[in-house]
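Step one of this worksheet: look at the structure below.
The values are calculated or read from the model by the stated rules, or taken from the named source; none is laboratory data. Remember, predicted model here, so these are calculated numbers, not experimental data. Counting neighbours? That spans all protein chains shown, and the Cβs are built from the backbone with ideal geometry, glycine included. The area values use the complete protein model at the heavy-atom level, side chains included, leaving out ligands, DNA and RNA. Shrake-Rupley method; radii C 1.70, N 1.55, O 1.52, S 1.80 Å.
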Amino acid sequence: MNRVSLGAGALPNLGSWKADTGFLHRIVDAVEELQPRVVVELGAGASTLVCAKAMQQNGQGKLFSFDQHADFVAATGEWLASEGVTAQIRCAPLTATIEGWPGRWYELDHLPDQIDLIIIDGPPWAVHPFVRGAAEILFKRLAPGGIILLDDAARPGERVVAKRWRRKWPEINFERENESSKGTLVGRKADGSNTHASSRPRFANDNARTIRWRRVAGLAALFASGWFANEWLGDFSTRASAASFVNEAQEAYSASQVRWEMTSQTEIIELNRREILDVTGINLPALPSGWTVLDAQLYPSDLGNSVMVSVKTPSGETISLFAAQAETTFGALPMMEADNGVAVAYWKEGQSAIGLVGELDSSRLLELAAVLSRDT
């Protein structure tokens, strides 16, 4: 608050889902270094006020901030006005889809042609762990020497995003900094010189010891939840760990399609989840209202006994639910693999690995999997 001349009590309690002091300091660092004419922020809040105040002190620049909540956008605008600053804060509902990235993205309009600083603190993780990767649609607008700041960079989802960005955008140098308790990914676009490489001032952090302990606690939480292991193994759950389950699900799906074409094979439309759990240890998710069982079969697989249930959704889509007891690094949120036109959305429920298989658009299958996993 002293750095940007904010009065006592101007900011709410920071941390948790809000930006922490480390990330806010980093925003001020970037504004002081770049003296940006245009800043675009995704996810409004304390960062909006701090950035606006830093730009006011810098004496130039426009801040465009986007958030999905209309009421919050209005309240944030009033909050900034009470502190003597303004920004172009706009409501951007999460209704867009971006090719290559899961989850819903902001409906962004009237974007500046060139951006000096991009601040990414949304959408929230609950939309999808990889959703912030879609922010790359702004990268072509980033000015030479411009900076990208991604909050929560220590989370597994953002680590995967960082890996993909590094591969796809070689002209932008991405490095993770740990002055924030949640980590900050800093991307800097090449400008033909090295003048910016070490010019950023390091902020004096009076709470460095606290941040280190929070980071240790965060790592412990990641280990406990299995997320940290996923990061070391690859993209959220590695292809190596996911491949066997995905292959088994696809093979069982293919077998079920053959059964449908054989008049001598009788479909079993009764699904007794309790009996399956008692006999196989596989905990099938409850089917949502309106989903109809077309066939239920027990399959042998390299994972042990597995179950394939063919179902029809209320929209008339025919898909299959595959489940097995398997040691995996899957998370509770569905992930996606697609091969030869057959997509598998997979997740972990207790000791069971669950997959939804079908010849649908990947985004639609993932949407159905999200509904199924919530109803588990």
| said: Quick test for you: out of Glu41, Glu78, pick the one residue that is out of contact with any helix residue (DSSP H, G or I) (no Cβ under 8 Å at 6 or more places or on another chain) and acidic (Asp, Glu). | reply: Glu78
| said: Residue under question is Ala81, and the condition is that it be assigned to a helix (DSSP H, G or I), open to solvent by 30 Å² or more (accessible area, probe 1.4 Å), out of contact with any Cys (no Cβ under 7 Å at 6 or more places or on another chain) and farther than 30 Å from Glu367 by Cβ; does it hold? | reply: yes
| field | Count of segment 355-375 residues which are in a helix (DSSP H, G or I), among the β-branched types (Val, Ile, Thr) and open to solvent by less than 10 Å² (accessible area, probe 1.4 Å) | value | 0
| field | Criterion violated by Pro288 - all others in (1) in contact with an Asp or Glu (Cβ under 6 Å, 6 or more places away or on another chain); (2) more than 24 Å from Ala332 (Cα to Cα) satisfied | value | (2)
| message | If I ask for residues that are in a loop (DSSP other than H, G, I, E, B), at pLDDT 90 or above and not β-branched (Val, Ile, Thr), which ones from segment 289-321 would you list? | response | Gly290, Trp291, Pro314, Ser315, Gly316, Glu317
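Being of a type in the set (Lys, Arg), out of contact with any strand residue (DSSP E or B) (no Cβ under 7 Å at 6 or more places or on another chain) and modelled with pLDDT of 75 or more is the requirement here; does Arg274 meet it? Let's see the steps before the verdict.
Values: of a type in the set (Lys, Arg): yes; out of contact with any strand residue (DSSP E or B) (no Cβ under 7 Å at 6 or more places or on another chain): yes; modelled with pLDDT of 75 or more: yes.
So Arg274 passes the test.
Hey, could you check segment 132-157 for residues that are among the aliphatic types (A, V, I, L, M) and open to solvent by 10 Å² or more (accessible area, probe 1.4 Å) and say which is nearest to the chain's Cα centre (by Cα)?
Ala154
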| request: Output the residues belonging to segment 49-68 that are surrounded by 15 or more Cβ atoms within 10 Å (Cβ to Cβ) and either touching a His at 6+ places or on another chain (Cβ under 8 Å) or assigned to a loop (DSSP other than H, G, I, E, B) (or both). | output: Gly61, Gln68
| request: Go over the candidates Thr97, Thr76 one by one and state the one that is open to solvent by less than 10 Å² (accessible area, probe 1.4 Å), touching a strand residue (DSSP E or B) at 6+ places or on another chain (Cβ under 8 Å) and not small (Gly, Ala, Ser). | output: Thr76
| query | Any residue in segment 105-120 that is open to solvent by less than 30 Å² (accessible area, probe 1.4 Å), out of contact with any helix residue (DSSP H, G or I) (no Cβ under 8 Å at 6 or more places or on another chain) and not in a loop (DSSP other than H, G, I, E, B)? | reply | yes
| Whichever residue in segment 246-283 is of a type in the set (A, V, I, L, M) and in contact (Cβ under 8 Å) with a residue 60 or more places away in the chain and, among such residues, is nearest to Lys348 (Cα to Cα) | Ile282
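For every residue, the table says whether it meets (1) at pLDDT 90 or above; (2) more than 25 Å from Pro129 (Cα to Cα); (3) more than 27 Å from the chain's Cα centre (by Cα).
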position: Leu6; (1), (2), (3): no, yes, yes
position: Gly9; (1), (2), (3): no, yes, yes
position: Ser16; (1), (2), (3): no, no, no
position: Thr21; (1), (2), (3): no, no, no
position: Ala44; (1), (2), (3): yes, no, no
position: Gln57; (1), (2), (3): yes, yes, yes
position: Phe66; (1), (2), (3): yes, no, no
position: Val85; (1), (2), (3): yes, yes, yes
position: Pro93; (1), (2), (3): yes, no, no
| task | Would you check which residues across segment 128-169 are at pLDDT below 90, outside any helix (DSSP H, G or I) and hydrophobic (A, V, I, L, M, F, W, C) and list them? | result | Phe130, Ala153, Ala154
| Can you tell me how many residues in segment 58-88 are within 20 Å of Leu6 (Cα to Cα) and of a type outside the set (S, T, N, Q)? | 14
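For segment 2-18, does any single residue satisfy the condition of being among the aliphatic types (A, V, I, L, M), touching a strand residue (DSSP E or B) at 6+ places or on another chain (Cβ under 7 Å) and surrounded by 14 or more Cβ atoms within 10 Å (Cβ to Cβ)?
Our first condition is that a residue be among the aliphatic types (A, V, I, L, M); within segment 2-18, this holds for 4, 6, 8, 10-11, 14.
Pick out the ones that are also touching a strand residue (DSSP E or B) at 6+ places or on another chain (Cβ under 7 Å) and you get none.
No, because not a single residue in segment 2-18 is among the aliphatic types (A, V, I, L, M), touching a strand residue (DSSP E or B) at 6+ places or on another chain (Cβ under 7 Å) and surrounded by 14 or more Cβ atoms within 10 Å (Cβ to Cβ).
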| query | Restricting the search to segment 22-45, which residues are small (Gly, Ala, Ser) and out of contact with any Phe, Trp or Tyr (no Cβ under 9 Å at 6 or more places or on another chain)? | reply | Ala30
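Are any of the residues in segment 2-14 under 19 Å from Ile115 (Cβ atoms) and touching a helix residue (DSSP H, G or I) at 6+ places or on another chain (Cβ under 6 Å)?
no
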